[in-house]
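Chemist: Below is the structure I would like to discuss, written out as structure tokens.
The values are calculated or read from the model by the stated rules, or taken from the named source; none is laboratory data. Note that this is a predicted model, so its numbers are computed, not measured. Every residue, glycine among them, receives a Cβ derived from its backbone with ideal geometry; neighbour counts consider all protein chains shown. Please note that ligands, DNA and RNA were not included when accessible areas were found on the heavy atoms of the full protein model with its side chains. Shrake-Rupley method; radii C 1.70, N 1.55, O 1.52, S 1.80 Å.
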Amino acid sequence: MSEINKTGSIVCVSTGMTLGAHMSPICRSHIEQADVVFAACHPMIELWLQEMNSDVRSMQQFYGEGKDRRITYREMVAAMMSEVRAGKKVVGAFYGHTGVFAWAPHKVIEEAKAEGYAAHMEPGISAEDCLYAHLGIDPGTYGCQNFEASQFMFYQRNIDPSAYLILWQVAIAGDKTVKRFSTGPAYRQLLIELLTEHYPLDHKVALYECPTLAIDEARIDWIPLSDFTHADISLITTMVIPPSKKMHKNQQILDRLAELDKKFQ
Amino acid sequence: MTAIQILEKLGANASFNPSHLNEEDKLGIQQTLSDTKPFNAIQSQTPPDEEEIPEQNQDDEKNDEKES
């Protein structure tokens, strides 16, 4: 098709983590006013979206056992862009914060903008936001590092054990195929080995899961790092590792700051 | 109210107490939950390298998906 209908648009909205509790008014308004809503959310959230719009299409169908997720994500983008190009007002509704640990929303906005369509993202409440509330952690207290577990294993990262370390998607830690729905104890053991460069085996870590429904409690299980190998985890489990070391003063900078204070106070 | 409407109210209304749900509502929620399909939560995953997946594989995968 040589002529593109520029009346199409895409907004990627955030549903938040918990049904009914987290969606912002503007996200809800976009969903209600859309011609079509593509959803990548928990099935219960998708049912909720169906009460806001009569044309909600689940993107769960694009996943498949043994299927490379990069293909799945491209198919999500293609499905959304197809309706944008058809001139529709399209919404992509992604769970949590639509732009956090989600490839397709960023990509579809990039593609739509490149083709001249209106496209933007609406922020929301992510699993990380919920984690701080449920675990009573303030990332400002010691600092906080976030990594996808597999990326943390594949690449040499410099971590600071005097800050919190949060590892996401630990159920598929070390999955080089980008296809699996779980790796397993041997892979987790390798992750533990990597972590023991900075943390003792008896260091207490939290396994966290944010509830989708208000009738459920958040999962917060504190276990020794060594027990992670055989812990009960799922695709939504996150590992939270508190600091193992105290923060060390940077005396050189403190001395220089003292000199500045003498000059400017 | 549907099960989803009850859950929405539970999420949004601080004074709507889940312990006040009647048996019918609880059963409705349980039934709706049991009918849901598994949730594929992974929406971003780092590959071990920057290699692009061949287009041929994508077609194969699409065919596999349709057949399954």
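Chemist: Give me the residue from the range B:15-40 that is at the interface with another protein chain (Cβ under 10 Å from one of its Cβ atoms) and more than 15 Å from A:L213 (Cβ to Cβ) and, out of that set, least open to solvent (accessible area, probe 1.4 Å).
Modeler: That would be B:N40.
Chemist: Quick one: is A:T72 more than 9 Å from chain B (Cβ to nearest Cβ) and among the β-branched types (V, I, T)?
Modeler: no
Chemist: Still on this structure: I need the full set of residues from the range A:123-162 which are more than 15 Å from A:A206 (Cα to Cα) and aliphatic (A, V, I, L, M), in order please.
Modeler: Hits for the range A:123-162 are A:I125, A:M153, A:I159.
Chemist: Being charged (D, E, K, R), assigned to a loop (DSSP other than H, G, I, E, B) and under 13 Å from A:G16 (Cα atoms) is the filter here, so list the residues in the range A:87-128 that pass it.
Modeler: A:E122
Chemist: Would you mind stating whether A:S162 is surrounded by fewer than 18 Cβ atoms within 10 Å (Cβ to Cβ), outside any helix (DSSP H, G or I), modelled with pLDDT of 95 or more and of a type outside the set (D, E, K, R)?
Modeler: So A:S162 passes the test.
Chemist: Check whether at least one residue in the range A:167-179 is basic (K, R) and more than 30 Å from B:A14 (Cβ to Cβ), and report yes or no.
Modeler: Of all residues in the range A:167-179, those basic (K, R) come to A:176, A:179.
Then drop every residue that is not more than 30 Å from B:A14 (Cβ to Cβ), which leaves A:176, A:179.
Yes: the range A:167-179 contains one or more residues that are basic (K, R) and more than 30 Å from B:A14 (Cβ to Cβ).
Conditions (1) in contact with a Gly (Cβ under 9 Å, 6 or more places away or on another chain); (2) of a type in the set (S, T, N, Q); (3) in a helix (DSSP H, G or I); (4) within 11 Å of chain B (Cβ to nearest Cβ), marked per residue:
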residue	(1), (2), (3), (4)
A:V11	yes, no, no, no
A:T18	yes, yes, no, yes
A:M23	yes, no, no, yes
A:I26	no, no, yes, no
A:V37	yes, no, no, no
A:M44	no, no, yes, yes
A:M52	no, no, no, yes
A:K67	no, no, no, yes
A:M76	yes, no, yes, yes
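Matching residues to (1) more than 23 Å from A:I137 (Cα to Cα); (2) touching an Asp or Glu at 6+ places or on another chain (Cβ under 9 Å):
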| site | (1), (2) |
| --- | --- |
| A:D160 | no, no |
| A:L165 | no, no |
| A:A171 | no, no |
| A:D175 | yes, no |
| A:V178 | yes, yes |
| A:G184 | yes, no |
| A:Y187 | yes, yes |
| A:L195 | no, no |
| A:Y208 | no, yes |
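Chemist: Any residue at all in the range A:203-215 that's in the same structural domain as A:L135 (by the TED database) and surrounded by fewer than 12 Cβ atoms within 10 Å (Cβ to Cβ)?
Modeler: No, because not a single residue in the range A:203-215 is in the same structural domain as A:L135 (by the TED database) and surrounded by fewer than 12 Cβ atoms within 10 Å (Cβ to Cβ).
Chemist: Condition first: more than 26 Å from A:D216 (Cα to Cα) and either open to solvent by less than 60 Å² (accessible area, probe 1.4 Å) or assigned by the TED database to the domain that holds A:F181 (or both). Can you find one or more residues in the range A:22-29 that meet it?
Modeler: Yes, the conditions are met somewhere in the range A:22-29.
Matching residues to (1) in a helix (DSSP H, G or I); (2) at pLDDT 90 or above:
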position	(1), (2)
B:G11	yes, yes
B:A41	no, yes
B:I53	no, no
B:N57	yes, no
B:K62	yes, no
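Chemist: Here is a check on your reading of the model: is A:R188 among the charged types (D, E, K, R), in the same structural domain as A:T212 (by the TED database) and part of a helix (DSSP H, G or I)?
Modeler: yes
Chemist: Follow-up. Determine which member of the set A:Y117, A:Y142, A:Y132 is in contact (Cβ under 8 Å) with a residue 40 or more places away in the chain, within 30 Å of A:I192 (Cβ to Cβ) and among the aromatic types (F, W, Y).
Modeler: Going through A:Y117, A:Y142, A:Y132 in turn, the sole match is A:Y142.
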